[in-house]
Every structure is written in C-alpha cells, then in structure tokens.
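Data first, discussion second: the structure below is written as structure tokens.
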Amino acid sequence: MRLPALQAALGQPPRAAPPERVRSLIAAQQLQSEILIGWVQFALIVFWILLYTVAPKTSAGTRFLPVPWVLGAFLLITLLRLVLAHRHRLTPPLLIAGVIVDMALLMGLIWSFHLQYEQPAPFYLKAPTLLYVFIFIALRALRFEPVYVVAAGLAGAAGWVALLVYAAMSGEMAVTRNYVHYMTSNSVLVGAEVDKILSILLVTAVLALGLVRSQRILYRSVSESVIARDLSRFVSPEVAARITTGARELRPGDGEVRVASVLFTDIERFSTISEKLTPEQLLSMLNAYFAAVSEAIDRHGGVITQYQGDAMLITFNTIKDDPDHAANAVRTALAIQDATRNRRFGDGLQLRTRCGINTGRIVAGAVGTPERLLYTVHGDEVNVAARLEQLNKSTGTTILATESTVQAVGAGFEFERVAEVTVRGRSQPTAVYTPRLRGAAAP
C-alpha cells in the first residue's frame with residue numbers, strides 16, 4: 001500500500017496539538033477506560049480461580065502447586081492497579097510496566113503447568129491458556145492508545161519465545177514434522193510455534209493500526225464537540241440543535257416562512273447608565289441582567305435569536321413549534337418586568353426593560369456567506385416589533401403589542417388600547433395595546 005493511501009486509511013491526523021481542555025477530556029475518558037480494563041481483568045482472574053477450583057489439580061504425589069501462587073499474584077497485581085486507577089496514580093511508565101508484568105504472570109502461569117502436572121517442559125506449549133494472550137492484548141485496545149497494545153503484543157511474543165527457548169534447553173523437547181504425532185505427544189512442531197508468534201504479532205499490528213485511526217477520530221470528535229459546545233454558547237441551544245441535527249449543511253438563504261411572534265427588548269436609558277460605569281462594571285451588570293431575563297424567556301418557550309448590545313430579539317414558533325406563541329410572547333414580556341422590577345443589577349442599579357411585540361408571517365433562516373452565517377429572522381413584522389419597542393418612549397409604557405398579537409393571544413389577558421400610530425416604514429396606521437395581566441395568566 002502506498003504511503004498516501006495508508007495515510008488516508010488511517011484518517012487525517014490533527015493539524016495541531018489539541019487545546020488543554022480537549023486533552024483533559026480525553027485523559028478523563030482514558031482513565032475511565034483503564035478502570036474498565038482493570039475490572040474486566042479482575043473478572044477474568046476470578047473466573048480462572050473458579051475454574052481452577054473445580055478442575056483436577058495435579059497428578060498424585062505432587063507436592064508443589066505453583067498455579068495458585070501465580071493466580072494469587074495475578075489477583076493482587078490487578079487489585080493494585082485498580083486502586084491506582086481510581087486514585088489517578090497510573091502514569092504511563094507504570095502502565096507499561098503493568099502490561100509487561102501481566103504478560104510475565106500469564107507466561108509464568110503457562111510455564112507452571114508442566115510442574116503442576118509433572119510433565120516435560122514442552123507440555124505447556126500446547127496449553128490453550130495461550131489464547132488469553134490475545135484477550136490481554138485486546139483489553140489494552142479499550143484505552144485508545146496503541147502504545148499499550150504494542151507493549152502487550154511484544155511482551156506476549158517475547159514471552160512465548162522465552163517459553164520455547166526454555167523448552168528447547170530443557171533437553172526434553174522432541175521436534176517433529178508430523179502433525180498427528182505433534183497433536184498426540186509432547187513433541188513440538190516448529191511451524192506451529194512460529195505461527196503462534198506471528199499470530200500474536202499480526203493481531204497486535206492490526207489492533208495498533210485500528211487504534212491509530214480510532215485515536216485520530218477520537219481526538220477530532222472530542223475537539224469538534226468541545227468547539228460546538230463552546231460555539232453553542234454564542235447562539236441559542238435551539239439554533240445550535242437545528243444546525244447540528246439538520247439533514248444537510250446549512251446554507252445561505254435556507255429558511256422557512258412561519259406565522260410567529262417577535263419580542264424586542266431594550267434597557268431604558270442604557271446609554272446614560274453605561275456612561276457612568278467602567279467597562280468591567282458594565283459587563284458585570286449586563287451579565288446579571290441577561291441571566292435574570294433569560295430565565296423568564298426560557299420558562300415561556302422563547303428563543304433568543306439575537307443580542308444587539310443591551311437589546312434582544314426573541315422569537316416564538318420559529319425554531320421550535322409553539323401553537324400558543326402570541327400568548328407566550330406576552331407572558332415573557334410581563335415576566336421580564338417582574339424579574340427586573342424589584343431587583344438591582346451591578347452596583348445597585350434598577351433596570352427597566354421596554355418590550356415590543358408583534359405577530360405575523362416572518363422568515364427564519366440563515367443569512368450571510370458560505371464561510372460565515374447568522375441564523376436570524378426577517379420580515380416587515382419583525383421591523384414593526386422593533387418600532388413598537390422604541391415607541392414605548394413616547395407612550396410612557398413598557399410593553400406595546402400590535403392588534404395582530406392581541407387577536408392571536410385569546411383569553412387570559414386584558415389589553416388597554418394605547419393609540420393608533422403610523423409605524424415608521426408603514427403607510428397604514430397600526431393600533432397598539434399594552435397588556436394588563438389577569439390572575440389566570442400569571443407567568
């Protein structure tokens with residue numbers, strides 16, 4: 001396979017080192033993986049102990065039983081690693097050492113069989129316990145770090161070579177080329193032993209390559225999820241969900257026309273207030289104000305579509321369905337007044353919020369360029385809501401709503417007709433109302 005093809009198969013590597021918060025998230029996941037590995041290995045050792053308990057132990061007359069000692073050492077090492085993993089004490093050198101110790105104990109367990117059952121040394125080369133070498137290698141794959149898989153595979157292959165050399169040096173190993181004789185005696189088939197070592201190395205290589213690819217995907221996925229989570233704080237969660245769960249990539253001009261309600265808010269005399277504050281004080285005050293107001297908006301299903309300085313554009317029945325959108329827009333405006341009426345922000349400042357509400361056909365969607373998009377709402381009905389918010393200055397009110405909103409609200413509210421005005425940008429006069437809350441409609 002050519003190098004570019006191999007590179008493509010393994011996946012695109014990160015263009016730069018992931019930021020610290022991404023590395024911290026991945027490290028936390030790896031720690032949980034190490035704990036999982038420890039518990040799986042613990043269960044495996046317990047299974048071995050139970051299996052040994054019910055199986056025939058030895059030939060008659062054998063005094064030394066090495067298998068229980070090896071199993072006991074295995075259990076203690078596994079428990080120690082579990083304790084260290086839960087206490088976040090497992091450093092990379094300790095992990096490498098632990099992998100080597102695991103393989104050494106497994107090879108020691110296999111080696112002890114010829115003593116346990118009083119057989120020639122080549123006897124242990126046919127032990128099916130060799131299969132657990134592959135399980136131990138596969139366990140390391142749960143951590144998404146190929147270095148530990150490679151360490152386990154190399155330790156396993158080296159351990160089996162060591163067992164083969166020991167058997168050869170014992171003077172008890174008879175080599176054969178007859179497969180039937182090999183299967184029915186303690187003789188050794190060299191090709192079979194080579195196959196075992198090659199199988200360990202090939203399984204290790206395949207898993208390591210798979211982990212390289214998985215690790216790159218993991219880093220990219222975690223990085224993208226962190227970036228998406230960070231960016232979602234700059235738009236409403238509903239907008240973020242619409243963008244991330246869409247069937248296709250959002251493009252400029254994508255949108256839909258809906259009958260919806262729009263609420264514009266603005267802080268009264270904000271320019272005068274901001275002149276008296278330092279930038280730090282102003283930011284602190286706005287953060288406290290937006291936190292209080294956002295709670296009221298969320299409670300009634302509103303979506304903060306856009307921040308404009310101290311002003312907010314809030315929509316209902318645009319991104320998420322809301323058949324009661326007009327009434328919820330009014331409830332939100334009243335809840336905002338309640339949230340700010342008896343509360344002080346920043347250095348003891350009381351903030352009054354002016355609201356303009358309108359209901360009608362608007363388009364909600366993405367505008368901008370393919371490189372940079374803004375999800376917002378457009379239409380004449382949106383402009384009317386913005387004009388009503390400003391009109392509060394001359395009418396002495398804090399909430400103004402159009403007749404279309406009043407008609408869509410239905411029962412539950414009382415409205416007082418304020419005036420009939422010609423909104424800037426429209427030729428026909430518009431009747432405007434201010435709501436008076438009745439008990440049944442309390443937010």
### Query
Can you spot a residue in region 91-99 that is surrounded by 17 or more Cβ atoms within 10 Å (Cβ to Cβ) and touching a residue at least 40 places away in the same chain (Cβ under 8 Å)?
yes
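Yes/no matrix, rows are residues, columns are (1) at pLDDT below 90; (2) closer than 19 Å to L209 by Cα; (3) among the aromatic types (F, W, Y); (4) not assigned by TED's automatic domain parsing to the domain that holds V206:
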position: V101; (1), (2), (3), (4): no, no, no, no
position: L115; (1), (2), (3), (4): yes, no, no, no
position: Q119; (1), (2), (3), (4): yes, no, no, no
position: L125; (1), (2), (3), (4): no, no, no, no
position: I137; (1), (2), (3), (4): no, yes, no, no
position: L142; (1), (2), (3), (4): yes, yes, no, no
### Message
Scan region 360-367 and tell me whether some residue there is part of a strand (DSSP E or B) and loosely packed, with under 14 Cβ neighbours inside 10 Å.
### Response
yes
### Task
Just need a number here: residues in region 4-34 that are loosely packed, with under 15 Cβ neighbours inside 10 Å and either of a type in the set (V, I, T) or at pLDDT 75 or above (or both).
5
### Query
Name the residues in region 398-422 that are assigned to a loop (DSSP other than H, G, I, E, B) and at pLDDT 90 or above, would you?
T398
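Quick grid of which residues meet (1) of a type in the set (A, V, I, L, M); (2) modelled with pLDDT of 65 or more; (3) in the same structural domain as I304 (by TED's automatic domain parsing); (4) not in a helix (DSSP H, G or I):
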| site | (1), (2), (3), (4) |
| --- | --- |
| V165 | yes, yes, no, no |
| H181 | no, yes, no, no |
| S185 | no, yes, no, yes |
| K196 | no, yes, no, no |
| S199 | no, yes, no, no |
| A205 | yes, yes, no, no |
| S221 | no, yes, no, no |
### Message
Out of everything in region 130-144 that is surrounded by fewer than 22 Cβ atoms within 10 Å (Cβ to Cβ) and of a type outside the set (A, V, I, L, M, F, W, C), what residue ends up being nearest to W48 (Cα to Cα)?
### Response
Y132
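Scan region 263-309 for residues that are of a type in the set (D, E) and either under 16 Å from R343 (Cβ atoms) or surrounded by fewer than 14 Cβ atoms within 10 Å (Cβ to Cβ) (or both) and report the count.
Filtering region 263-309 for residues of a type in the set (D, E) gives 266, 268, 275, 280, 295, 298.
Pick out the ones that are also either under 16 Å from R343 (Cβ atoms) or surrounded by fewer than 14 Cβ atoms within 10 Å (Cβ to Cβ) (or both) and you get 268, 275, 280, 295.
Matching residues across region 263-309 total 4.
Is it true that L211 is at pLDDT 85 or above, assigned to a helix (DSSP H, G or I) and over 21 Å from N317 (Cβ atoms)? Give the derivation first.
On the way: at pLDDT 85 or above: yes; assigned to a helix (DSSP H, G or I): yes; over 21 Å from N317 (Cβ atoms): yes.
Answer is yes for this residue.
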### Selection from region 328-350 of residues that are more than 36 Å from the chain's Cα centre (by Cα) and crowded, with 23+ Cβ neighbours inside 10 Å
V330
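The values are calculated or read from the model by the stated rules, or taken from the named source; none is laboratory data. Note that the coordinates shown come from a computational prediction; the quantities given were computed from them, not determined experimentally. FYI the Cβ positions are ideal-geometry reconstructions off the backbone, even for glycines, and counts take in every protein chain you see.
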